[in-house]
């Protein structure tokens, strides 16, 4: 039903941004077949597969890509696909005989998606790294956190998932769209480091114009402004305010009981530390729930800081049916939403090789061929 219905993607099993990209494409209706190893890879955190939620909606086949028979299987699958997702270090696919030149020669319309941290070239291309390292080199990590403290780690949302998986999905969608008219595939080189730089476009502009201070908590939206910040409540929980515009700032002051006090001007940066202390003292006088009630009816750009479990039960999410449960695991609904070609989760996460026979049969392999491949160890 999704907008990508009829599109066939091969995903070479990995962790992090590649599977996240594959999940997005699957949610939008693509048939994504995951090719996993015949032996456990040791990648990722050990957990029941039902809780490995980014693996949802795709079948898995277990193939030994280092064997001749396994390579023939993967080559046949790629020849039928519209797209390929791989997340190996530069040069690995070429050494296996599945580099872009070989794959595009067999399947000229193939969109060949490559997911790396540093990129396919450059002095760091073959270095190991994880989300935190890409964030550090990009400059993003150094911008996040409180003054006088170590930078704060924003989970792996910004680099792996934002700069990596989302940009690979965007690139593949663009290339798949173009291939419809040209009949030609191409390589999508999605480097996490490049994606994070793209996410920082606004801040490069601010920096070039002298509008951004590299010292943390000296800017409008990095915790420097008292009216764009997080505050602790009397019950040890937290609330957020983001009243940048004057009209919302006035509403915030009214809700806090500060509208008639002698406060400095909103954008008097020299007075921000003083104002933050005032705001902190006020918010500490009530519980988070009491502030929810006090802020009701005001356009103050206020929201409580929730846990994941609290968030999934928030009325805004429940009204939009933004979560579903599959085999005891909570899954966010597909995003974004489409009015006609509605996206949907195509099924639960599948364990490595759980669908080898059924999926390969659907992709044209005979029972006799499967028996031969299994006997040789090419498939598990």
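The values are calculated or read from the model by the stated rules, or taken from the named source; none is laboratory data. This is a predicted model, so every value here is computed, not measured. Every residue, glycine as well, gets a Cβ built from its backbone with ideal geometry; the counts of neighbours run over all protein chains shown.
A few points about this structure:
- Residue identified as touching a strand residue (DSSP E or B) at 6+ places or on another chain (Cβ under 6 Å) and under 30 Å from residue 283 (Cβ atoms) among 221, 153: 221
- Qualifying residue in the stretch 270-289 (condition: farther than 30 Å from residue 64 by Cα and part of a strand (DSSP E or B)): no
- Any chance residue 294 is over 30 Å from residue 67 (Cα atoms) and not in a helix (DSSP H, G or I): no
- Complete set of residues in the stretch 14-29 that are modelled with pLDDT of 95 or more and under 22 Å from residue 116 (Cβ atoms): 17, 18, 19, 20, 21, 22, 23, 24, 25, 26
- Selection count, the stretch 196-219, where residues are surrounded by fewer than 17 Cβ atoms within 10 Å (Cβ to Cβ) and part of a loop (DSSP other than H, G, I, E, B): 7
- Here residue 362 passes the criteria (1) within 30 Å of residue 256 (Cβ to Cβ); (2) loosely packed, with under 13 Cβ neighbours inside 10 Å; (3) in contact with a strand residue (DSSP E or B) (Cβ under 9 Å, 6 or more places away or on another chain) except the one numbered (1).
- Of the criteria (1) within 16 Å of residue 353 (Cα to Cα); (2) surrounded by fewer than 18 Cβ atoms within 10 Å (Cβ to Cβ), which one residue 51 fails: (1)
- Subset tally (residues that are in contact (Cβ under 8 Å) with a residue 12 or more places away in the chain and farther than 23 Å from residue 116 by Cα) for the stretch 185-205: 1
Conditions tested, residue by residue: (1) in contact (Cβ under 8 Å) with a residue 12 or more places away in the chain; (2) out of contact with any helix residue (DSSP H, G or I) (no Cβ under 8 Å at 6 or more places or on another chain).
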| residue | (1), (2) |
| --- | --- |
| 299 | yes, no |
| 326 | yes, no |
| 337 | no, yes |
| 343 | yes, no |
| 355 | yes, yes |
| 377 | yes, no |
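- In the stretch 359-380, of all residues being assigned to a loop (DSSP other than H, G, I, E, B) and within 36 Å of the chain's Cα centre (by Cα), the one that is nearest to residue 78 (Cα to Cα) corresponds to 363.
- Of the listed requirements (1) over 23 Å from residue 182 (Cβ atoms); (2) assigned by TED's automatic domain parsing to the domain that holds residue 169; (3) touching a residue at least 12 places away in the same chain (Cβ under 8 Å), residue 2 misses just one: (2).
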